[in-house]
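One structure is given below, encoded as structure tokens.
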Amino acid sequence: MGSERNPWVWSVNLEDLRANPATIRDEIIGWSGIGYKAVAKVGNRLLSIWAGDRMEYALGVTVRDEARPKHAGGLYVCKTEGGALRHRVPARRGGLFFAPRVLLRCRCEGPFVEYPGGKVACTALTPVEVRPMPSGYLHSEVASAFPGALPRPSESLREETSALEAEVAELERRLGYR
């Protein structure tokens, strides 16, 4: 595979699919234990983008899930704010991929499992701050389906629609529906 990326597996980190030397550690040298996590903001609730309403976060409230190698457990964060902003969470049934997002700054406790790209699974996570996503981030706010005025259909589309409606009406008349 080398450094190639398979376009059909866009949401999977290929580095994580290779033999991963990730092991459980009590600490990660050079890391302060402060992690960053993008979460969905639904009303006043802070929910996991991946797990949806099965995992909720609140400021000052510690959540726990034992970190295990090979993505078998833990609460995932990135070591840096930039890493969390770049981290892709794949869409999945039950998740909140399209919900507006905010960034949590969290105090993380081990044991830990460190993954490539600055991703860390920790055993305990306590959100200490909620930060807005930067302007222009894809899911930084509730999107309007039609920002501004609705576009008006072109004259040719209106004519085509009228012709199709007339054709349907004629077919319904022939079939005795009218």
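The values are calculated or read from the model by the stated rules, or taken from the named source; none is laboratory data. Quick caveat, the model's predicted, so the values are computed rather than measured. So basically every Cβ, Gly included, is an ideal-geometry build from the backbone, and we count neighbours across all protein chains shown.
Say we look at the range 87-109 and pick out the residues that are modelled with pLDDT under 85, of a type outside the set (A, V, I, L, M) and farther than 18 Å from Ile28 by Cβ; which of these is surrounded by the most Cβ atoms within 10 Å (Cβ to Cβ)?
Only one residue fits best here, namely Gly95.
Looking at (1) at pLDDT below 65; (2) assigned to a helix (DSSP H, G or I), find the lone condition where Ala149 falls short.
The number of the failed condition is (2).
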